[in-house]
1. Using the count of nearby Cβ atoms within 10 Å as a rough guide to exposure, how do His331, His116, His422 rank from fewest to most?
2. Charges on Cβ only, +1 for Lys and Arg, -1 for Asp and Glu, centred on the Cα centroid of the chain; of Gly379, Ser151, His368, which one is farthest towards the dipole's positive end?
3. Does region 149-199 come out rounded, prolate or oblate by the C-alpha gyration tensor, with a ≥ b ≥ c the root eigenvalues, rounded set by a/c under 1.5 and, if not, prolate when a/b is larger than b/c and oblate if not?
4. If you place +1 on the Cβ of every Lys and Arg, -1 on the Cβ of every Asp and Glu, and leave all else neutral, what size is the dipole of region 348-465 about its Cα centre, to the nearest 20 Debye?
5. List the trypsin sites (Lys or Arg not before Pro) within region 169-247 that fall in a DSSP loop (any state other than H, G, I, E or B) and whose Cβ has at most 14 other Cβ atoms within 10 Å.
6. If contacts are Cα pairs under 8 angstrom and at least 6 residues apart, what is the relative contact order of region 2-230 in percent?
7. Exactly which trypsin sites (Lys or Arg not before Pro) in region 344-419 are in a DSSP loop and have at most 16 other Cβ atoms within 10 Å?
8. For region 354-463, which GluC sites (Glu not before Pro) are in a loop by DSSP, counting at most 14 other Cβ atoms within 10 Å?
Amino acid sequence: MGGIFGVVSKNNCIKDLFFGTDYHSHLGTSRGGMTVWTGKGFARSIHNIENTQFRTKFEDDLGFLSGNLGIGCISDTEPQPLTVRSHLGDYALTTVGRINNILEIARRLIEDNHIHLMEMRDGEINATELVMNLINEGQDFKEGILNAQNSIDGSCSLLVLTSEGIYASRDLYGRTPLFLGKKDDGYALSFESSAFSNLGYDTEYELGPGEIIFVEPDGYRQVSPPKDKMKICAFLWVYFGYPSSTYQGVNVEAMRYRNGAIMAGNDDVTADMVAGIPDSGIAHAIGYANESHFPYARPFVKYTPTWPRSFTPQDQSIRNLVAKMKLLPVHDLVSGKRIIFCDDSIVRGTQLGETVDLLYKCDVKEMHMRSACPPLLFGCKYLNFSRAKSEMDLIARRMINELEDGKPVDIHEYADNKSKKHCQMINKICKKMNFTTLKYQTIEGMVDAIGLPPENVCTYCWDGKE
């Protein structure tokens with residue numbers, strides 16, 4: 001995933017830029033970056049944040065970064081923002097999204113325009129650099145950004161920093177959010193609406209799918225209107241989004257409460273307590289507990305002083321170890337108890353499996369797992385929400401493969417929660433994970449908890465429908 005933030009101010013913007021970018025740290029774990037226009041040129045700072053927090057890396061940079069215009073990012077992939085000198089002038093660019101046809105675009109750009117692209121580790125192409133070259137094909141920024149949006153298979157929201165202001169564009173189908181905030185001395189642009197409040201900004205409005213605006217210290221204007229079709233990612237509410245953020249008028253935390261309540265209303269299990277897997281499962285569990293009237297409890301706590309995020313290390317085995325080490329069980333609370341656990345999702349099942357083992361060692365009597373979304377069956381094509389290298393990393397796909405003895409199968413049969421094959425898959429996952437019972441939220445229940453029209457919500461990773 002990743003997050004972006006920008007500031008256009010009549011005064012020095014660096015503190016707002018620093019804290020606003022930091023408020024996106026939950027969205028990425030690889031690189032952080034900030035670029036400001038100093039009045040004479042760009043000043044830029046990029047750091048590796050794989051094993052530390054954004055704040056600790058960038059606090060020392062605040063002394064030399066100064067300007068009234070700036071953009072920042074938390075990236076899960078490439079170093080950015082990038083700066084360039086082109087026929088459009090000097091500008092900086094930061095992006096968030098995923099480009100499925102990156103190799104095809106790169107091949108065309110190299111053949112047609114005779115450009116070169118810097119390689120990152122493992123020979124990967126810097127996606128932001130690729131977008132920059134697409135923008136440079138335009139005669140102006142409007143034409144260039146539209147060219148980039150229309151060329152990309154996937155999604156790309158972006159901020160373009162110039163000496164006069166910032167161009168902002170939400171991805172073509174609005175899969176990720178982008179907000180404009182306002183206060184007395186300027187404006188801010190943010191992936192997360194929650195980044196505004198403590199910095200003194202009021203949300204001016206949320207950009208529509210594919211919309212482009214240009215923001216200056218004294219105002220803003222629409223460069224290109226929004227498109228008609230929207231497919232915002234449902235996983236933003238289920239997992240990625242910060243609890244205090246709101247997308248398309250729907251608050252993340254409130255959605256999770258509703259989602260948990262819907263799960264409870266469709267359940268018939270009896271338990272002594274309801275618990276959430278920290279942190280993103282907690283709100284779903286509170287909603288479940290409120291509806292079921294089973295008491296909410298914490299059967300384990302997360303040791304956050306040294307391990308604030310379980311997914312920080314890039315290596316999957318190290319992330320699993322960190323996730324295990326940071327959860328400390330409360331033996332006296334859970335021994336002999338029947339517990340309903342709510343988690344945002346079950347992806348690979350590795351970390352959750354270790355959590356289950358941990359609690360059984362504390363003499364938990366029954367372990368009823370409830371997932372706040374349906375089984376993940378398809379790798380995300382739009383946002384890189386999972387680090388899975390293959391769809392076979394997903395536990396649901398592995399269980400299907402075992403059920404079918406490795407033979408090709410129509411996965412959509414398993415996506416239908418009313419089908420016999422779906423039930424077989426759930427039962428096999430339940431047995432594999434050693435749960436007492438296992439239930440998943442349905443797509444219908446999840447979308448109902450969001451409250452938007454189903455046609456405006458992307459559910460591809462659960463049903464494979466684009």
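1. His116, His331, His422
2. Checking the options against the dipole of the chain, the answer is His368.
3. oblate
4. The calculated dipole for region 348-465 is roughly 240 debye.
5. Those that pass, being in a loop and sparsely packed, are Lys229.
6. Relative contact order here is 21 percent.
7. Passing both the DSSP loop test and the Cβ count: Lys361, Lys365, Arg387, Lys389, Lys418.
8. Here the sparse-neighbourhood loop sites are Glu404.
We did not get these values from a lab; they are worked out from the coordinates using the rules stated. It should be emphasised that the depicted structure is a prediction, and the values quoted were computed from it without experimental measurement. Note that each Cβ is placed from the backbone with ideal geometry, even for glycine, and that neighbours are counted across all protein chains shown.
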